[in-house]
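Colleague: Below is the structure I would like to discuss, written out as structure tokens.
The values are calculated or read from the model by the stated rules, or taken from the named source; none is laboratory data. Note that the coordinates shown come from a computational prediction; the quantities given were computed from them, not determined experimentally. Glycine gets a Cβ as well: all are built from the backbone with ideal geometry, and neighbour counts include every protein chain shown. To get the accessible areas, we keep the full protein, side chains included, count just its heavy atoms, and leave off ligands, DNA and RNA. Shrake-Rupley method; radii C 1.70, N 1.55, O 1.52, S 1.80 Å.
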Amino acid sequence: MVDFARLMRRAYSLERDFAVNLIEGSQRKPKLLIIARNHTRKIVNIDEVVAVGEELGFEVVVGESSFSTNVEEFARVVNSVDVMVGVHGAGLTNEVFLPTNAVLIQIVPFGFFKTLAEYYFGIGANNMMLKYIAYDMSEEESTLIDLYPRDSAVFRDPESFQSQGWRAMAKLYLDEQNVKLNMTKFKPVLTRALELLR
């Protein structure tokens with residue numbers, strides 16, 4: 001995977017092979033990319049995430065990767081950052097353009113298999129010599145609380161939807177759900193990303 005990532009960086013003529021190393025007295029600001037989604041699993045309080053990132057000292061970029069996105073241009077954006085954060089989904093495949101030792105933060109939707117999410121993106125990240133953090137959403141961070149009663153199986157028994165098969169689980173936990181991050185809970189994750197760059 002390290003060789004594959006290197007091949008991708010060469011194929012797109014990307015400049016950075018390594019993420020910033022934040023040593024004491026470093027003048028360079030680390031750069032954070034937030035992968036925005038416009039349809040499902042979007043971060044509805046993305047402005048708060050940007051503000052907290054800037055407060056911690058990041059230069060923050062918000063970018064959306066979609067089917068109409070120019071891959072070469074977006075690859076350059078991804079390669080320019082040190083930390084990439086996004087909700088589980090196809091946009092995280094852009095991890096192949098991150099420089100070695102960069103940090104990938106995957107927000108795992110409430111009710112979704114954490115092990116499956118890590119299989120999709122965490123294993124590859126580790127094998128590409130990226131630092132990987134999985135952030136498990138709580139039900140309070142899910143917009144599903146606006147759609148279903150708190151005592152429903154959606155919250156009490158997510159496994160019952162998972163046992164109904166992929167379509168039932170994906171329809172509910174991937175298609176109907178958006179994200180409102182609890183910044184008190186998420187800020188330490190961004191702080192941890194900074195520590196991993198040291």
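Colleague: Taking the chain as a Gaussian network, Cα atoms linked when under 10 Å apart, which of 109, 149, 99 shows the biggest mean-square fluctuation?
Modeller: 149
Colleague: A further question on this structure: List the relative contact order of the chain as a percent without decimals, with contacts defined as Cα pairs under 8 Å and 6+ residues apart. Mind dumping the intermediate values first?
Modeller: Working: 320 pairs, mean separation 52.2, N = 198.
Dividing the mean separation by the residue count of the chain yields 26 percent.
Colleague: Percent of accessible area on the chain owned by carbon and sulfur, 1.4 Å probe?
Modeller: Working: 5150 of 9980 Å².
Roughly 52 percent of what the probe reaches on the chain is carbon or sulfur.
Colleague: With a cut-off of at most 12 other beta carbons within 10 Å, and DSSP calling the residue loop, which chymotrypsin sites (Phe, Trp or Tyr not before Pro) in segment 1-85 qualify? Please list them.
Modeller: Details: sites: 4, 12, 18, 58, 67, 74; in loops: 12, 58, 67.
Filter output for segment 1-85: 67.
Colleague: On C-alpha positions alone, give me the angle between the axis of helix 46-55 and the longest principal axis of the chain, in degrees, nearest 10.
Modeller: For helix 46-55, the angle is close to 40 degrees.
Colleague: What is segment 59-166's relative contact order, in percent, from Cα pairs under 8 angstrom and six or more apart in sequence?
Modeller: Values: 121 pairs, mean separation 22.4, N = 108.
Relative contact order, segment 59-166: 21 percent.
Colleague: Something else now. Over 19 Å between C-alpha atoms is what I'm after, so list which of 131/187; 31/185; 31/187; 29/180; 31/114; 31/180 land there.
Modeller: 31/185; 29/180; 31/114; 31/180, as the Cα separations exceed 19 Å there.
Colleague: Given contacts defined as C-alpha pairs under 8 Å and at least six residues apart, what's the relative contact order of segment 137-193, whole-number percent? Mind showing how you got there, number by number?
Modeller: On the way: 26 pairs, mean separation 25.6, N = 57.
Relative contact order, segment 137-193: 45 percent.
Colleague: With only alpha-carbon atoms counted, please give the Rg and Dmax of segment 68-190, in Å.
Modeller: In order Rg, Dmax, the Cα atoms of segment 68-190 give 15.5, 46 Å.
Colleague: Given points 7 Å out from each Cα along the Cα-Cβ axis, report the residue 3 to residue 100 separation in nanometres with one decimal.
Modeller: Output for this residue pair reads 1.4 nm.
Colleague: So how do 182-189, 34-41 stack up, highest first, on mean other-Cβ count within 10 Å?
Modeller: Details: 182-189: 14.4, 34-41: 17.0.
Ranking the peptides 182-189, 34-41 by packing returns 34-41, 182-189.
Colleague: Any idea how far apart residue 139 and residue 17 come out in nm if each label point goes 7 Å out from Cα toward Cβ?
Modeller: Between residue 139 and residue 17, the simple spin-label model gives 5.0 nm.
Colleague: Taking the dipole about the Cα centre of the chain, with the C-beta of Lys and Arg at +1 and of Asp and Glu at -1, give me whichever of 117, 40, 97 is farthest to the positive side.
Modeller: Going by the Cα projections, it comes out as 97.
Colleague: Still on this structure: What distance in nm separates the simple spin-label points at residue 164 and residue 62, each placed 7 Å from Cα in the Cβ direction?
Modeller: Result for the modelled spin labels: 3.3 nm.
Colleague: Hey, can you find the accessible area per residue of the chain for me, probe 1.4 Å, expressed in square angstrom?
Modeller: Details: 9980 Å² over 198 residues.
Per-residue accessible area for the chain comes out at 50 Å².
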